[in-house]
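Derivation of every value follows stated rules applied to the coordinates shown; laboratory data play no part. Small disclaimer: the values here were computed from a predicted structure and weren't measured. Note that each Cβ is placed from the backbone with ideal geometry, even for glycine, and that neighbours are counted across all protein chains shown.
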Amino acid sequence: MSGGRVAPLRIGYVVKMFPRLSETFVLNEVLELERRGVELTIFSLKKPDEGRFQPQLSCLRAPVVYLEDIASKKGLAALTRSWPALRPHRDQAWEALDRAFAQPDGLELLLASAVVAGTAAERRLHHLHAHFASSPTTVAYLASRLSGLAFSFTAHAKDIYLNTVDAAFLQEKLKAARFVVTVCEFNRHHLLSSFKGLDPEAIRVIYNGIDLDLFSFEAETREEKLILSVGRLVPKKGFDVLLEACAILRSRGVPFRCAIVGDGPERGRLEMLLRERRLTGAVELLGARTQAEVLAGLKRATVLALACIEDRDGNRDGLPTVLLEALGTGCPVVSTPLTGIPEIVASGRDGLLVPPGDPTALAEALTSVLTSPSVRAEWARRGRRKAEERFDLKKSAAALEDYFRARRRVSVAFTQTQPVASA
C-alpha cells in the first residue's frame with residue numbers, strides 16, 4: 001500500500017457453472033467487485049450449456065478457468081508445477097487427499113482443487129471464495145488445504161436445505177472457512193441452530209444486491225392486468241400453484257393475462273396442466289430470458305407472483321433475486337412467507353404474502369392487487385425505498401470486499417441495516 005491507496009485484492013471465485021442465466025447475482029457481484037478495483041480469477045467447474053448469456057457479460061475482465069477441461073488431464077501437472085509454493089502445506093495435502101476420497105467424485109474434485117491451488121499460487125491470489133456450499137465450496141476447501149490460502153463461501157438455499165446434504169462435511173467446511181456469507185437472516189439462524197459449535201460472528205448475512213441504476217423505478221404506464229412470474233421451472237417455484245390460481249381467477253371472471261418466464265424440467269408438466277385447466281391464451285410459458293428482457297417485463301407488469309413452496313426433498317428458495325428486482329422497478333409482489341422472503345416483502349405494506357401451496361389464497365391476493373391501483377402505487381414507492389436501503393448491489397459488494405480484506409473477524413454479522421465493522 002502506498003500514497004494512501006489500498007493495494008488491489010486478488011480473489012479466486014469458485015462456482016459450479018459460469019455464466020448461468022439463473023444466477024445473475026453471481027455475475028452482478030463479480031462485476032461490482034471489479035468496479036471496486038478487485039482483481040478476480042473465476043474457476044468454473046463446468047462450462048455453460050444454455051446457449052444464451054447476459055449482455056453485461058461483455059463487461060467482465062476476469063479470466064475464467066474451466067476446470068472440467070483441465071482437471072482430469074492437468075490437475076496433477078498443476079500440482080507438480082506449483083509444488084515449491086505448496087510444499088509447506090504437504091501435511092494438509094495428505095489430509096485433503098483423505099477427505100476427497102471420502103466424497104462422491106472425490107478424485108475429480110481433488111484434481112480440480114489442485115488446479116485452483118496451483119493457479120492461485122502462480123497468480124498470487126489473496127483469498128478464495130465459492131458460491132454455494134456444495135461442490136464449489138468443496139473445491140475451495142480442498143484448494144485451501146493444499147495451498148494454505150484462506151477461503152470463504154456464500155451459502156444460498158438448496159446447498160444447505162436439501163435432504164441429501166452431507167451434514168457432517170458441511171459442518172467441517174463451515175468451521176474451516178475464514179468466514180461464511182449467507183443471503184438472509186433465516187439462513188443464518190438455520191446454520192447456527194443446525195450446526196453446533198460454530199462461531200456466530202463468522203456467519204454473516206449479506207443480502208444479494210441489485211443494480212439500482214438498471215432496475216430503476218419509473219412512473220411509466222404498466223400493462224393492465226398482467227401477472228408476471230419468473231424462475232426456473234422447478235417444483236420449489238410453485239408454478240403449478242400459480243396455474244391453479246389462474247384457473248380460479250378465470251372461473252371468477254377476473255380479467256388477467258399471465259406470463260411465466262423461465263425454463264426447466266417442469267415445463268412438460270406445466271404445459272399439460274395449462275391445457276387441462278383451459279388456460280391457453282390466458283397464460284403463456286415464455287421460456288428463458290436475459291436479465292434485460294426480465295427487466296422489461298417487470299416494468300410492464302401489474303404484479304409479480306412467485307408462489308414459492310418447500311419441495312419434498314427439502315429444496316426451497318433462500319432470497320429470490322427476482323423479488324428484489326421487482327421492488328427496484330416498483331412492481332408490486334405477491335409471494336409466500338418462506339425462508340428469507342419476509343425479509344424482502346412486508347405483507348400488507350409493500351406486497352402480499354399468502355400460505356404456500358394455497359391457490360385460493362393466491363388467487364384472492366392477486367385479485368386484490370389487480371383491482372387496487374392506488375394500493376399498487378403506494379407499494380411501488382415503499383418497495384423502491386426498501387430496495388435502496390437494503391438491497392443495493394454497491395453496498396453488498398462493499399461489505400464483501402471488507403470481509404475479504406479483514407485480517408481478523410469482525411465483531412458483528414453484517415446486514416444491510418447495520419454498519420460494516422472495519423478490520
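Values as computed for the structure displayed
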item: Rounded to the nearest 20 debye, dipole of the stretch 226-390 from Cβ charges on Lys, Arg, Asp, Glu; result: 460
item: On Cα atoms only, tilt of 373-390 relative to the major axis of the chain in degrees; result: 10
item: Overall Cα dimensions of the stretch 226-390 - principal axes, largest extent first, Å; result: 42, 36, 30
item: Length-normalised contact order of the chain in % [C-alpha pairs under 8 Å, at least 6 apart]; result: 15
item: Residue-count net charge about residue 34 - beta-carbon cut-off 14 Å; Lys, Arg +1, Asp, Glu -1; result: 0
item: The chain, helix-only ellipticity at 222 nm - DSSP H runs n ≥ 4, -39,500 (n - 2.57), divided by all residues, nearest 500; result: -13000 deg cm²/dmol
item: In degrees, nearest ten, helix 67-81 long axis to first principal axis of the chain (Cα); result: 20
item: Summed residue charge, Cβ within 15 Å of residue 60's Cβ, Lys/Arg positive, Asp/Glu negative; result: -2
item: 0 to 90° range, to nearest 10: angle between helix 393-405 axis and the chain longest Cα axis; result: 20
item: Protection-proxy order for peptides 61-67, 391-397, 326-332, each taking the mean of Cβ atoms within 10 Å per residue, highest first; result: 326-332, 391-397, 61-67
item: Translational diffusion of the chain, µm² s⁻¹ [Kirkwood Rh, Cα pairs; Stokes-Einstein; 20 °C; 1.002 mPa s]; result: 95
item: Over 23 Å (Cα to Cα) - which of 16/237; 236/386; 236/299; 158/196; 158/237 fall in this group; result: 236/386; 236/299
item: For 158, 46, order by how many other beta-carbon atoms lie within 10 Å, fewest first; result: 46, 158
item: Residue-count net charge about residue 103 - beta-carbon cut-off 12 Å; Lys, Arg +1, Asp, Glu -1; result: -3
